[in-house]
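J.: First the structure, which I've put down as structure tokens, then a few questions once you've had a look.
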Amino acid sequence: IESRMQAIGMRLNHNKCEWFSDTDPSPYANWETPKGCIKILGAYHGHEHNVREALNRLSASKHDQFFSNLAEVRDVAAITILAACAIPRMNYILRVHEPELNEECCRYFDAKVTAAWVTIAEVDTTDPITRDIAHLDCSFGGCGFTRSADIRELAYFASYSFAFQHEHTILTQRELKAAHMKRIYDNIVNQGGSCRAHLEECRHPGTADWF
């Protein structure tokens with residue numbers, strides 16, 4: 001393996017190499033030998049149930065400490081960090097894994113996000129309008145705490161479309177997400193009352209940019 005890599009001008013970094021095989025032993029003693037799936041360029045490949053388990057472990061190990069640290073931050077700073085730093089953390093997983101493989105880890109992550117904003121804002125999550133406004137994008141007057149489970153299919157489709165369907169019209173993740181957010185927005189304003197006025201005031205130019 002190493003000689004063939006060197007022949008094409010590449011050098012193995014043994015600290016970043018793993019050996020994935022159900023039958024053949026690793027040629028190097030210091031390489032990790034994962035079972036069931038292997039991570040390549042940030043995406044897991046292998047048996048489906050093993051990929052799900054790996055994503056679940058990754059979600060817990062990668063995000064638990066972040067939300068634990070976030071709990072020490074207060075008020076506007078906490079809200080800003082949650083929206084700007086927490087929400088995008090799942091985006092790569094959404095774009096490179098099929099939706100049926102990442103649903104569990106998405107729901108785990110979303111529960112962490114919900115627990116965070118509920119604690120910060122001290123609101124009741126049993127109210128569906130409150131939940132929808134929290135999950136609505138800032139450009140529509142919401143808080144921008146997008147549920148990864150809701151957009152995982154959109155993100156994967158956009159990534160797949162960009163990679164493999166160049167001859168067709170490519171719909172970006174931003175475009176697909178905007179259509180999804182419009183449906184949430186319409187559902188909120190159809191509830192009547194002051195919902196529309198509230199969202200329109202919050203979506204004024206500058207508000208979404210600040211968030």
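J.: To the nearest 20 debye, what charge dipole does the chain have about its Cα centre, counting +1 at the Cβ of each Lys and Arg and -1 at the Cβ of each Asp and Glu?
T.: Computed about the Cα centre, the dipole is about 420 debye.
J.: Tell me, what is the per residue accessible area of region 75-211 in Å², probe radius 1.4 Å? Each step should come with its number before you reach the end.
T.: Working: 7490 Å² over 137 residues.
Per-residue accessible area for region 75-211 comes out at 55 Å².
J.: Under a crude label model (7 Å from the Cα following the beta-carbon direction), how far is LYS16 from ARG74 in nanometres?
T.: In this crude label model, LYS16 to ARG74 measures out at 4.3 nm.
J.: If you average the alpha carbon positions of region 22-54 and of region 103-132, how far apart do those two centres end up, in angstrom?
T.: Centre-to-centre (Cα) distance: 33 Å.
J.: How big is the Cα convex hull of region 99-211 in projection, averaged over all directions, in nm²?
T.: The number I arrive at for region 99-211 is 8.4 nm².
J.: OK, next. With a 1.4 Å probe and all protein chains in place, put ASP75, ASP127, ASP110, ASP24 in order of accessible area, largest first.
T.: In descending accessible area the options line up as ASP75, ASP24, ASP127, ASP110.
J.: Right, another one. Mean Kyte-Doolittle of at least -1.0 and a Cα length of 30 Å or more along the axis: which whole DSSP H helices of the chain meet both?
T.: Taking the DSSP H segments of the chain (at least 30 Å long, mean hydropathy at least -1.0), we get 48-70, 99-121.
J.: Taking all protein chains as present, what is the carbon and sulfur share of the accessible area of the chain, in % to the nearest whole number, probe 1.4 Å?
T.: C and S atoms contribute 53 percent here.
J.: Moving on. If every alpha-carbon in the chain counts as one equal scatterer, what log10 I(q)/I(0) does Debye give at q = 0.12, 0.19 1/Å?
T.: -0.76, -1.38
J.: Here is a follow-up. Over the chain, with a Gaussian network built from C-alpha contacts below 10 Å, which listed residue (LYS35, LYS182, LYS16) shows the highest mean-square fluctuation?
T.: LYS16
J.: Another question about this same structure. With N residues in region 1-49, what two-decimal value do you get for its Cα radius of gyration over 2.2 N^0.38 Å?
T.: Against the compact-globule rule of thumb, the ratio is 1.25.
J.: Quick one: order THR130, THR172 from most to least accessible surface, probe 1.4 Å.
T.: Ranking THR130, THR172 by accessible area, largest first, yields THR172, THR130.
J.: Now for a separate question. Please name whichever of GLY36, HIS204, MET181 sits farthest to the positive end of the charge dipole of the chain, dipole taken about the Cα centre and charges placed at Cβ: Lys and Arg +1, Asp and Glu -1.
T.: Working it through, the farthest residue towards the positive pole turns out to be GLY36.
J.: Also: Of GLY141, ALA84, ALA111, which is farthest on the positive side of the dipole of region 77-166, counting Cα position, with +1 on Lys and Arg Cβ, -1 on Asp and Glu Cβ, and the Cα centre as origin?
T.: ALA84
J.: Provide, for q = 0.17, 0.29 Å⁻¹, the log10 of I(q)/I(0) from a solvent-free Debye sum over equal Cα point scatterers in region 135-183.
T.: Log10 of I(q)/I(0), two decimals: -0.51, -1.05.
The values are calculated or read from the model by the stated rules, or taken from the named source; none is laboratory data. The structure displayed is predicted, hence computed values, not measured ones. All Cβ positions, even for glycine, are placed from backbone atoms using ideal geometry, and neighbour counts span all protein chains on display. The protein model used for the area step is the full one, side chains on, heavy atoms only, and it has no ligands, DNA or RNA in it. Shrake-Rupley method; radii C 1.70, N 1.55, O 1.52, S 1.80 Å.
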